[in-house]
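What follows is a short report on a single structure.
The values are calculated or read from the model by the stated rules, or taken from the named source; none is laboratory data. Worth saying up front: this structure is predicted, and the values here are computed from it rather than measured. Note: ideal-geometry Cβ built from the backbone for every residue, glycine included; neighbour counts use all protein chains shown.
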Amino acid sequence: MDKKNEDGESLLGRALPRRRLIQGSLAGGAAIATPFLHPPIAAAASKSGAAPDLHFDAADPEFKKAIGELRAALGDDHVQLGAADLLPFHDPYYHDREQQFVPSAVLVPGSVEEIREILKVANRHGIPLWTSSTGRNLGYGGGAPRVSGTLVLNLRRMNRGLEINEESGYAVVEPGVSFFDLYEALGKQTDHRWWMSVPDIGWGSVIGNTLDHGRGYTPFGEHAETQCGMEVVLANGDIVRTGMGAMDDNPAWHLNPRGFGPRVDTLFMQSNFGIVTKMGVWLMPRPEIYLPGNIDIKHDGDLAALIDVVRPLMINRTIHNYPIIGNILGYASFVSTRDQWYQGKDPIPEAVLQRISDETGIGRWSMRFALYGMEGVVNAHLAEITRAVQTIPGATITTRRYRGDIPHGEIHPMDKTQAGIPGMEIMSLTKWYGGEGGHLGFSPITPLVGKDVAEQTKLARAIAEKHGHDYLCGIILAPRSATHVCEFIFDVNDRDLTRRAYEASRELIVETAKRGYGEYRAHLDMMDLVADQYGFNDHAARRLNETLKDALDPNGILSPGKQGIWPRSLRPRRA
């Protein structure tokens with residue numbers, strides 16, 4: 001039903017009009033159309049798998065009129081058009097970052113009501129918005145929009161921690177709340193009697209990370225599963241609360257994830273169907289004992305054996321958390337730079353990899369894990385893990401032991417992430433090649449089965465090295481699946497090395513899909529390519545997403561192209 005504002009005006013406004021055809025394609029040569037869009041730089045870009053360069057025309061009179069209305073709604077300070085204001089919303093690592101994925105303005109609302117005002121203007125004028133929380137999704141495009149010239153709707157001012165419930169162990173946050181912010185609030189209110197789960201980089205948004213299927217490393221590390229209860233603003237300005245929140249003043253909103261009828265929370269993850277403005281997050285009670293450790297294997301070829309030893313321990317929850325297995329270069333990049341080991345421009349050869357392992361004492365693969373709970377239970381689980389690991393020749397296990405109530409400053413930096421303490425240490429790996437470090441993530445998922453994991457690592461290494469890159473990898477384990485995070489590291493001022501990282505990632509997307517594995521998140525440049533790999537029943541999942549997009553956002557104003565979901569007016573005509 002078409003909602004009306006207080007003046008009786010339609011909030012749906014008008015759909016993005018087809019008043020300028022552009023040639024080129026999101027999927028190989030079809031014509032598409034939308035207002036104010038300039039042609040892609042080269043239609044051939046889509047044939048290589050690269051995203052076409054679409055531009056929203058900020059010089060259009062309709063755009064200027066809309067900016068005036070937005071200034072009236074938000075105030076001049078929160079409608080930003082200056083070059084310095086826009087720069088943080090470029091992709092800092094993209095090889096063509098000055099020309100592609102570039103916004104024309106940044107809108108910074110401070111409340112749900114201001115978001116609704118923005119949506120009124122965007123619907124009325126047919127102007128697309130790209131939503132970001134804190135805009136720090138580096139390695140996947142940062143806060144940049146998929147369509148250049150789009151207005152970025154950044155939610156960093158909505159940074160309140162709305163509630164910390166010590167009785168039931170949850171927090172309620174807005175999208176501008178970072179992991180650092182929540183950690184600080186938990187320390188002040190609970191003296192860290194409740195622990196949170198954090199990803200490797202702590203400056204990002206708790207909500208933003210969850211919506212992009214982000215991961216942490218505590219037993220609560222599957223963030224999409226430990227959120228409970230959202231508030232969402234739809235494209236027409238309507239406000240929806242999910243689960244028990246659909247009932248007025250229901251005290252179980254953030255305690256039980258389901259209400260009456262379908263659970264819709266996941267529709268707003270990795271999508272462009274609405275703007276999440278509040279979310280509940282479950283917390284972990286502080287354990288009596290926290291015991292982090294590492295399992296190191298000497299030989300590259302023993303990875304499959306390690307996976308098959310660990311899998312049953314994950315399934316029966318002997319290993320409590322979400323471990324990560326890093327290869328030798330993944331670990332070496334934390335503590336050194338490439339030129340300390342090798343001066344050549346080609347990928348680091350096998351003999352040097354072995355020398356790095358021998359000299360650092362780090363295995364060719366090293367698994368970081370942790371146990372939590374009562375001391376007797378932790379000891380019993382550690383004994384079971386040790387017995388299992390001893391079946392792998394040459395494998396070693398080392399652990400550290402902390403009381404749960406130890407001051408967090410006394411926890412070793414390498415053990416903080418698994419204790420829910422946010423940090424930025426992992427960014428040191430971007431200095432591997434020297435210069436101005438950047439990174440690009442390629443992250444497919446395979447079964448947690450030795451042969452599957454080993455085959456994927458061999459494929460990724462071969463393609464990375466084919467394109468002149470070292471193979472740095474961290475494999476995040478769940479009880480039944482493995483997420484292979486292949487990090488392409490580069491000096492962003494070396495445009496050739498940077499470009500080759502994107503070329504390698506595109507090739508990996510296609511070659512990995514041929515083996516039946518799909519990526520779980522993707523850079524802006526590759527969202528369409530990744531979506532195209534999910535082809536069951538003539539891309540039935542994509543057609544379902546497009547149906548939902550047309551129903552929930554008929555004007556196509558919210559984040560066009562995110563995760564390969566395009567509004568009708570920009571949708572390629574596929575054969």
Which residues, taken from region 106-136, are over 23 Å from the mean Cα position of the chain (by Cα) and either in a loop (DSSP other than H, G, I, E, B) or small (Gly, Ala, Ser) (or both)? 110, 111, 122, 126, 127
I'd like the residue in region 248-272 that is in contact (Cβ under 8 Å) with a residue 60 or more places away in the chain and more than 17 Å from the chain's Cα centre (by Cα) and, out of all such residues, is farthest from residue 109 (Cα to Cα). 255
Which of the strands (runs of 3 or more DSSP E) contained wholly in region 418-522 include at least 2 residues that are surrounded by fewer than 19 Cβ atoms within 10 Å (Cβ to Cβ), assigned by TED's automatic domain parsing to the domain that holds residue 178 and acidic (Asp, Glu)? none
Does region 57-71 hold any residues that are within 12 Å of residue 109 (Cα to Cα) and surrounded by fewer than 18 Cβ atoms within 10 Å (Cβ to Cβ), and which are they? 71
Please enumerate the residues belonging to region 529-549 that are surrounded by fewer than 17 Cβ atoms within 10 Å (Cβ to Cβ) and touching a helix residue (DSSP H, G or I) at 6+ places or on another chain (Cβ under 8 Å). 534, 548
For residue 207, work out the one condition from (1) in contact with a Ser or Thr (Cβ under 9 Å, 6 or more places away or on another chain); (2) closer than 22 Å to residue 413 by Cβ; (3) not hydroxyl-bearing (Ser, Thr, Tyr) it doesn't fulfil. (2)
Provide a single number: the residues in region 143-155 that are touching a residue at least 60 places away in the same chain (Cβ under 8 Å) and part of a loop (DSSP other than H, G, I, E, B). 7
Which pairs turn up if I take residues in region 62-75 that are in contact (Cβ under 8 Å) with a residue 40 or more places away in the chain and look for partners that are outside any helix (DSSP H, G or I) and crowded, with 18+ Cβ neighbours inside 10 Å with beta carbon separation below 6 Å, at least 6 apart in sequence or on another chain? 66/127; 70/79
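Condition first: farther than 18 Å from residue 158 by Cβ, β-branched (Val, Ile, Thr) and assigned to a loop (DSSP other than H, G, I, E, B). Can you find one or more residues in region 263-273 that meet it?
yes
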Which residues, counting only those in region 274-293, are surrounded by fewer than 20 Cβ atoms within 10 Å (Cβ to Cβ) and assigned to a loop (DSSP other than H, G, I, E, B)? 286, 288
Can you list residue pairs whose Cβ atoms sit under 9 Å apart, with the first residue in region 81-93 being under 23 Å from residue 499 (Cβ atoms) and the second being exposed (fewer than 12 other Cβ atoms within 10 Å of the Cβ)? Count only pairs 6 or more apart in sequence or on different chains. 90/98
